[in-house]
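*Asks:* The following block contains the structure, expressed as C-alpha cells.
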Amino acid sequence: MRREVRVVSTDLNRKLAIGLVAALCLLWLPGCATTSYIQKRNTRENPLTASLALVSNRGPHESQRTSQLLERYDLTDEYKKNPNAALLSLCTQDEQSQESERLYAVAELAYIQGQQAQHDGQAVEALHYFQRALASSYAYLFSPTVADNRNPYDPQFRGACDLYNQALEDTLRLLHADGQLQPGKTYQLSSGDKHFTIKTRLDDHWDKQDFAEFDHFEFASDYEIKTLNNRHTTYGLGVPLIAIRKQANNAAPMEKYYPDMLSFACTALLQCSWNGELGPDGKPAPQCELVFYNPMRRSRTEFAGRTIPLETDITTPLAYFLDNKQFHDKDIATLGLLKPTKVQNKQGLFMLEAYDPKRIPVTMVHGLWSSPMTWMDMFNDLRSFPEVRERYQFWFYLYPTGQPFWISAVQMRKDMKDLQETIDQHYHGHDANTMEQMVLVGHSMGGLVSRLQTLDSGNDFWKIVSEKSIDELNASDEDQARLASTLFFRPNPSVSRVITIGTPHHGSDYSNSTTQWLGRRFIKLPAFLTNISTRLIRDNPDYFRDTQLLTTNTSIDSLAPDSPIFPVMMRAQKKSPVKYHNVVGLVSSKSLIGRIKTDSDGVVERESAELPDAVSQIFVEAQHTEIHTKPAAILEVRRILMEHAKEIDSRDRVASVPYPRSAVEPVSVTLSDSVGPEDAPLEIAIPLVPDGQEEPAMMR
C-alpha cells in the first residue's frame, strides 16, 4: 500500500520556492562571504598577561609574592635601579638550597626581562633570559632538592607551569623566526655560565609512514577560533602548536585520502636530564630533548618518575585547516548541488588524521546542499573525549548532492571498496575486527545514502521498474550494467551500525511540484546520467512498468514522498546484525519555522523522520540544518559509539562467513522466474566510471 502523502498548501509552496531562489541567488553571487573558522590575534594568548601586566602601559612588573621575596633578600631597590644585577644577585643567593620560592622568583624575573629585551628588538639577550626562566621553572617543577617544599596546591605551582610553558614558547618563537624549528635537529644554547644541548624529535605516536615530515609549525596561541562552537584544551606542560603536514610522495598508499596542507594538534615539551656529560666549560651540562607530541594519541608522558599531563589544544589546528580557501563550505556545497560535475574531482572518502588500523572507523555522510564541513562541530566535540578518540577514527564522505541519492549510494559503495582494497594491500597486519565494525553517521539525505550501504536489494528494487528479466532489456552492456548497479546490490560487510540524523526516511514534503521545478531549472546533472535514462525508455517502450526512478532528474525529485523507493527501502533485508539509531529534530511551535511547518524540523516531518526498526531514537529541539551540531545529538552519538565499543569488547570473536567486500564487485543475483532467465544466475559487472572518463580523485 502506498504511503499517504500530505498535500502542501500553495502558500507554503510559494514560500519555499521564494526561499530557495533567494538562497540560491545569495550564495551564487560572485564574491559572496564564506565561512571563516579562525582569526589571527593582535596579541598572542598568554596566561601570564594579567599577573605580570605584560600589555600594561606600566608593565610588565613582578607579582606580589616575587616582590616580597625581593624585599626579603634586600634587593628591592637594586631591582628598581638595575633589574639584571638584582636577578644575578638572586641567582647566587644560597644557591645550594634551591629554595622553591627563590627559583620561582628567578624564573618570573628572567621572563619579564626577556619580554623587555624582545620588545626592544634584542633577540639574543631575550633568548638568554628565556633560557634562564626555563631552567629555573624547570628546577622548581622537577628538581629533587625542592621536593620537600614543592606544593602542587599552591597557586604558584601552576604559575611555574605557565612560566615554563611561556618561556619555552618564546624560545621556540625565536628559533622559529630563524627557520630552525624542525624535528631532528640539535641545538647548542648558552645562558650565562650554563650550557645546554637540545636534541629534537617526533614522539613515537606519530604515524611515520604517512606523516614523516611537517612543512612548518604555527603557534596555537596566535589564533582565535570562530564558527566552531567549542575550543577543547587541556592544562599541563608544553607548547600547543599547529603542525602543517608536508605532502608526501603520491605513491604513499593513503596519500589520496589526505587533503593538502592538513594540520594537526602538536605539543612541544622540553625534557632535561643530567647524565654526567660535561659542557664546553668543563662543568656538568644538562642533556635536553625537545619532543613534539601527538596529543590525539597521548595526553600524558612519563618523565623523572612522574606522569606529566600535556598542555594541549586540539581545536585551533582543526580550525586552521578548515580556514583553508580550498575548503570554503558554501562553495563546495553549492557546486555539489547545482553543478555536480564540478565536484567529481573532489568526491570520495577523506581523512583528517592518519589511518590507524587499531581504531574503528566512523564515516560521516553529509546531506543535501552540504559538505563534510557540516560535521566539524560534532567531530571537534566527539574527539575531545579521550575514550572516543582512543577507540575511533573519523572519516568523511563528500559527494555531489544534486543527483538522486541512490546514485550517490552506488558511488559510495565503489569508494568504500577502493579504500578497503588499499588497506588490505598495504596494511597486512591491520585488525580486521575494527574494519568490520564501521559506523556510518548520516545527516538528512546522507542518512538515506548510509542506509543503502546496509541493504540487500534482492529483487525488490528491480521490481520497482520492471517485472521482466534484465536479459530482455534492449540496451548496451554499459547501460545495462549501470542500471543494474543501481538496483542490484549487497550490503557492505564493513558497516555494523548506522546513525541517521534528521533523515527523511519516507521523503519530504519540501520536495513538491514547485521545488522540483526549481531544482530542474538550476541543477545541471552529468549528461551521461540523463542520457542513459532517455535511451533506455526510448528503446524499451513496453518493458518498464514504472519509469519514475529512471526519470528522477535531481536529488530534490528523489526525495518526493510518493517515490516508490521509500517503501522498498523500509521492507528490504538489511545486513545482519547491523543496528540503526535515529535522531529526530523538532522545531518549537513558537518559532517562526515552527508556525510554518508544525511537527517537523522545518524540512522533514516527524512522521518521515522516525525510523520504525531503529534500536534507539531520540528527539532534539533544533531546526533541520542544526540538529547534528546540538549537544544532545552529539552526546547521543557518543553514547552509541561507547555502547558499540562495549559490545565489541564483550562479544566472543566468532568467525563467520562474510559478505563479499562490496556490491560493486560482480554479483551473482538469482532472480525469480518472472524476472530472470531460467536456472541461471545473473552475473553483473558494475563499472561506475563512464568509458573514457577519468576516475574522480579524492579531495586535495
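Values in this text are rule-based calculations from the coordinates and carry no lab data. Keep in mind it's a predicted model, so treat the numbers as computed, not measured. Note: ideal-geometry Cβ built from the backbone for every residue, glycine included; neighbour counts use all protein chains shown.
*Asks:* How large is the charge dipole for the stretch 43-92, taken about the Cα centre, if only the Cβ atoms of Lys, Arg (+1) and Asp, Glu (-1) carry charge, to the nearest 20 debye?
*Replies:* On the way: 6 positive and 6 negative charges, 27 e Å.
With Lys and Arg at +1 and Asp and Glu at -1, about 120 debye.
*Asks:* I'd like to compare 379-387, 611-619: which one has the highest average count of other Cβ atoms within 10 Å, and what's the full order after that?
*Replies:* Numbers: 379-387: 18.3, 611-619: 14.6.
Ranked by mean Cβ neighbours within 10 Å, highest first: 379-387, 611-619.
*Asks:* List the residues whose amide H sits under 5 Å from the amide H of Lys574, counting only those 5 or more places along or on another chain, with H placed 1.01 Å from N in the peptide plane.
*Replies:* Hits under the 5 Å cutoff: Asp456.
*Asks:* How much length is gained if the chain between Asp215 and Lys246 is pulled fully straight, taking 0.36 nm per residue apart and subtracting their Cα-Cα distance, in nm to one decimal? Mind dumping the intermediate values first?
*Replies:* Numbers: separation 31, 0.36 × 31 = 11.16 nm, distance 0.44 nm.
Residue separation times 0.36 nm, minus the Cα-Cα distance, leaves 10.7 nm.
*Asks:* Given the peptides 39-45, 493-499, arrange them by the average over their residues of other C-beta atoms within 10 Å, most packed first. Kindly include the intermediate steps, with their values, before the conclusion.
*Replies:* Details: 39-45: 11.9, 493-499: 24.0.
Ranking the peptides 39-45, 493-499 by packing returns 493-499, 39-45.
*Asks:* Do any of Lys256/Lys414; Lys185/Lys256; Lys346/Lys414 go past 18 Å between their Cα atoms, and which? Please list the in-between numbers first.
*Replies:* Working: Lys256/Lys414 15 Å; Lys185/Lys256 30 Å; Lys346/Lys414 15 Å.
Correct reply: Lys185/Lys256.
*Asks:* Net charge near Thr551, counting Lys/Arg +1 and Asp/Glu -1 over other residues with Cβ under 13 Å of its Cβ? If you can, show how the numbers build up before the last one.
*Replies:* Values: positive: Arg520, Arg535, Arg538; negative: Asp546, Asp557.
Net local charge, Thr551 excluded: +1.
*Asks:* Contour minus end-to-end for Lys40 and Asp542, with contour as 0.36 nm per residue of separation and end-to-end as the Cα-Cα distance?
*Replies:* Value of the extension gain: 174.2 nm.
*Asks:* Determine the sum of side-chain charges near Thr316: Lys and Arg each +1, Asp and Glu each -1, restricted to other residues whose C-beta is under 10 angstrom from that of Thr316. Walk me through the numbers on the way to the answer.
*Replies:* Working: positive: Arg231; negative: Glu45, Glu218, Asp222, Glu224, Asp313.
With Lys, Arg at +1 and Asp, Glu at -1, the net is -4.
*Asks:* Here's another thing I want to ask about it. Apply the Karplus parameterisation 6.51 cos²θ - 1.76 cosθ + 1.60, with θ equal to phi minus 60°, to every residue of the stretch 509-516 and state each ³J(HN,Hα) to the nearest whole Hz, in sequence, with x for glycine and proline.
*Replies:* 3J(HN,Hα) across the stretch 509-516, in whole Hz: 5, 4, 8, 9, 4, 6, 5, 5.
*Asks:* Sorting check: for 301-308, 213-220, which peptide has the highest mean count of neighbouring beta carbons within 10 Å, and how do the rest follow? Could the numbers behind the result be given before it?
*Replies:* Details: 301-308: 12.4, 213-220: 18.2.
Order by mean packing, descending: 213-220, 301-308.
*Asks:* To continue, here is another question. Amide H of Ile360 versus every other amide H placed in the peptide plane: which residues, excluding those fewer than 5 positions away on the same chain, fall under 5 Å?
*Replies:* Long-range HN contacts for Ile360: Tyr392, Gln393.
*Asks:* Could you give me the ³J(HN,Hα) list for the stretch 166-176, computed from phi with Karplus coefficients 6.51, -1.76, 1.60 and θ = phi - 60°, whole Hz, x at Gly and Pro?
*Replies:* 6, 5, 5, 4, 5, 5, 5, 5, 5, 5, 5
*Asks:* Then there's this: Determine ³J(HN,Hα), in whole Hz, for all residues of the stretch 580-585 in sequence, where each value follows from phi through the Karplus function 6.51 cos²θ - 1.76 cosθ + 1.60 and θ = phi - 60°; x replaces Gly and Pro.
*Replies:* 10, 10, 9, 10, 10, x
*Asks:* So which of Lys325/Lys646; Lys325/Lys597; Lys358/Lys579 end up more than 30 Å apart by C-alpha?
*Replies:* Details: Lys325/Lys646 40 Å; Lys325/Lys597 36 Å; Lys358/Lys579 22 Å.
Listed pairs above 30 Å: Lys325/Lys646; Lys325/Lys597.
*Asks:* Please list, ordered by chain and number, the residues whose modelled amide H lies under 5 Å from the amide H of Thr301; skip anything fewer than 5 residues away on the same chain.
*Replies:* For Thr301, whose amide H was placed from the backbone, the distant partners under 5 Å are Ile308, Leu310.
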